[in-house]
1. Compute the relative contact order of the range 8-86 as a whole-number percentage, counting only Cα pairs closer than 8 Å that sit 6 or more residues apart in sequence.
2. Would you mind getting me the FRET efficiency between ASP68 and ASN7? Use the beta-carbon distance for r and R0 = 22 Å, nearest 0.05.
Amino acid sequence: MSDRRKNISQLRNLGPKTERMLSEVVFFDADTLVAIGAVEAYRRLRFAGGGVSLNALYVMEAALRDIDWRALEPQKKQNCAVAQGREATELLSDSAVFAAKRPFSTKKNPAQKRRVQ
């Protein structure tokens with residue numbers, strides 16, 4: 001048995017950026033992530049102010065299952081979200097909150113004309 005530990009970026013779906021973020025909250029290798037779990041890792045990232053979305057939780061959960069993150073079942077996504085303390089209604093509002101934070105122009109596009117009925 002080798003003493004060499006597997007890097008987080010060697011797990012499926014996870015790259016160097018995720019590895020750096022997790023190292024800042026004391027996840028230095030894949031064994032630690034496996035032992036603690038995706039939900040706790042996500043909580044720690046959120047607490048540290050990492051600005052992570054629920055997709056990060058899903059990606060880590062899928063990595064621990066060694067499946068593509070898009071193959072994670074909707075029920076498992078729901079269970080992960082609830083396990084980390086969020087209500088299902090918050091899941092639906094995530095995209096609306098994100099959209100509200102993006103800068104946008106209030107000027108109307110002159111190419112678009114209103115139809116009068």
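Read-outs throughout are calculated quantities, based only on the coordinates presented, and are distinct from any laboratory measurement. Because the structure is predicted, anything quoted here is derived from the model rather than measured. So basically every Cβ, Gly included, is an ideal-geometry build from the backbone, and we count neighbours across all protein chains shown.
1. Working: 77 pairs, mean separation 25.5, N = 79.
Rounded, it is 32 percent for the range 8-86.
2. Numbers: r = 19 Å, r/R0 = 0.88.
Taking R0 as 22 Å, the efficiency between ASP68 and ASN7 is 0.70.
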